[in-house]
Every structure is written in structure tokens, then in C-alpha cells.
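Read through the structure below, which is laid out as C-alpha cells, and then see the notes.
The values are calculated or read from the model by the stated rules, or taken from the named source; none is laboratory data. Here the structure is a predicted model, which is why all the values come from computation and not from measurement. Ligands, DNA and RNA are stripped out before the accessible areas are found, and what is left, the full protein with its side chains, is counted by its heavy atoms. Shrake-Rupley method; radii C 1.70, N 1.55, O 1.52, S 1.80 Å.
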Amino acid sequence: MWVEQPQVWRPWIGPAIISITILCCGVPLIAQAAGEGASHYTDMVTPNGQTDWTTGTVTAKGIGIPPKNPASPLQAKEMAKSAAWAVALRNLLEVVRGVRVDSTTTIDNFIMKNDEVRTRVEGMVRGAKLKDQKEMPDGSFETTVEMKLTGDLSSVVLPKPSPRTDPLPQYKQPVVDGHPVSKSYSGLVVDARGTGAHTALAPRILNEQGDEAYSVAYVEQRDVAEQGIAIYVPDLPSAQANPRVTSTPLLVKALRATGNNRTDLVVSDADVQTIHGVPDHFKFLKQAKVLVILDAK
């Protein structure tokens with residue numbers, strides 16, 4: 001089995017763990033406050049875990065029940081801990097595999113096609129952080145583990161296209177009396193509520209003709225894996241409170257979602273003009289100062 005046990009839980013327990021009854025426990029879909037007026041957007045909920053797209057983390061839980069006839073109370077406790085840890089990691093892998101990478105691909109697609117990717121992803125899951133552990137009244141243990149979507153995981157599965165360093169050529173900055181006209185914005189918020197859009201590690205924003213106005217190719221490569229391409233939130237107050245887009249973001253409405261996974265968002269040409277036609281606005285694309293509002297679950 002690919003899961004590993006923490007060393008502090010005494011590997012000498014060995015084969016006896018087979019006799020343990022192990023259970024999974026569900027994680028409810030709850031929007032958790034990230035500050036006044038701010039909530040998290042969570043999805044990919046299975047009976048065992050969830051993905052928080054506001055913090056960029058995946059969590060899963062597992063329950064381990066001690067054997068009926070342990071050699072000692074200490075052995076029963078250690079075996080329950082080890083079982084809970086193993087189940088939590090197994091459940092975490094299940095959630096990670098279901099994460100959408102882009103409009104056509106999930107992490108599971110990469111794992112199924114590439115043994116190296118599978119090995120690396122499973123290794124990252126084994127290295128998940130212990131978030132919480134508690135003993136239940138019946139002697140069982142409930143363990144919660146967590147790992148980041150950004151960082152190493154993103155560096156393995158995100159597409160690596162040629163960088164796009166210039167705005168789309170059809171969008172020129174408006175000029176009046178020889179002076180550029182623009183309002184200064186600090187980031188981009190795309191309201192995709194009502195479109196049926198879904199989350200992804202590498203979403204794209206398209207103009208009405210289907211040209212890429214934003215994608216992984218626009219972000220400075222040193223920032224791609226570490227901070228991700230976009231943050232998702234469930235409502236406007238959460239968007240306004242999020243420091244990712246700072247104080248004066250440009251708010252645009254998505255016309256529709258597209259792609260097999262419905263993760264790409266189409267916005268109006270007028271809105272793309274505002275972004276690509278102003279050099280200072282194009283800069284916030286490079287810094288991934290992009291946030292998407294989706295319908296709350």
C-alpha cells in the first residue's frame with residue numbers, strides 16, 4: 001500500500017493493523033470566515049474531504065477504530081492512530097485526483113497517463129500535514145490532513161505554455177487630445193455567478209472571439225506554482241475583502257462558462273479592452289491578481 005505511517009506512531013505495530021476496523025468520515029461543505037464579511041469557496045467535496053479554493057488547500061479526514069482484543073491499551077491507541085492516518089491519506093488522494101487542472105483535464109487524467117506524475121503526486125500526499133487529531137469517547141481516533149494545491153503540486157500538473165508578455169494587439173489604449181485615458185485598477189474580479197462555471201488550477205479568461213485574455217501563460221513563471229492562477233470566492237463581500245486584488249479591483253461580469261469542464265470564462269470585448277488596453281492593468285495579470293466569484297454551494 002502506498003501510504004506511510006508517521007514514525008512517532010511506532011511501526012513495530014506491524015501486521016496487527018490488519019485487524020483494525022477503519023472508517024471514513026464526511027467533511028461538510030461549510031463556508032468558513034476568513035475575516036469580516038469574507039467566506040471561503042469550497043468544492044470537490046467527497047464523503048471524505050474537500051478543496052478550499054480561497055486558501056488553495058485540500059483537506060481530508062479518516063477515522064481509525066482500535067481492535068476488539070488488543071494486547072494492551074497502549075497498543076490499541078497506537079493502532080487506532082495509525083489507521084486514522086492511513087485512511088485520511090487515502091481519502092486525501094481521492095480528493096486530489098478529482099481536482100480540475102483546466103477546461104479538459106483533471107489531476108486523475110495526468111495520473112492515469114503518466115507513472116512519473118502518479119508517483120510524484122502520491123509522494124506529495126504522503127507528505128501531507130497533520131492538521132488535527134482527536135481521540136473519540138469510544139477510543140477511536142479522527143485525523144485530519146491537509147496539503148496545498150499551490151507549490152509542488154501545481155508545478156507538476158500545471159501546463160507550461162510559452163509566456164505571453166504583450167497584450168492582445170487589437171486592444172489599444174484610448175487617447176483623448178494626445179493623452180492616454182484610463183482609470184487605475186489594482187486587480188481583476190470576474191463575477192461568474194449564474195454561468196455554471198467550475199473551479200480549476202488553470203482557468204482561462206477569453207474575449208468574445210475566443211482569444212485568451214488571461215491564462216497561465218500571462219503570469220510571471222516564478223509566481224505560477226506558488227500562488228496559483230486565480231482565487232475563488234462565493235460572494236462579492238468576500239471578493240472585496242480579499243487582499244489578492246487589493247483595494248480597487250476592476251469588476252467584470254462573465255458572459256458564460258465554456259470548455260468541457262466549464263472552467264473557462266468569456267467576458268465582453270469592452271472589458272478586455274479595459275484590461276489589455278492599459279499597461280498598468282496588464283501588469284496585474286502578470287502578478288495573478290485575479291479573483292473569480294462563483295455561485296455559493
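Measuring with a 1.4 angstrom probe and ignoring ligands and nucleic acids, LYS129 comes out at about 120 Å² accessible.
The residues of segment 168-269 present an accessible area of 46 Å² per residue when probed at 1.4 Å with all protein chains retained. Close amide H contacts of LEU255 (hydrogens built in the peptide plane, cut-off under 5 Å, sequence separation of 5 or more or a different chain): VAL266, VAL267, SER268. With all protein chains in place and a 1.4 Å probe, the accessible surface of segment 208-297 carries 48 percent carbon and sulfur. With a 1.4 Å probe rolled over the protein heavy atoms of all chains, the accessible area of ASP264, ASP269, ASP295, ASP115 falls in the order ASP115, ASP295, ASP269, ASP264, largest first. For HIS198, the solvent-accessible surface computed with a 1.4 Å probe is close to 70 Å², ligands and nucleic acids excluded.
Cross-link partners for LYS113 among the lysines, with Cα-Cα distance under 22 Å and sequence neighbours closer than 8 places in the same chain left out: LYS160.
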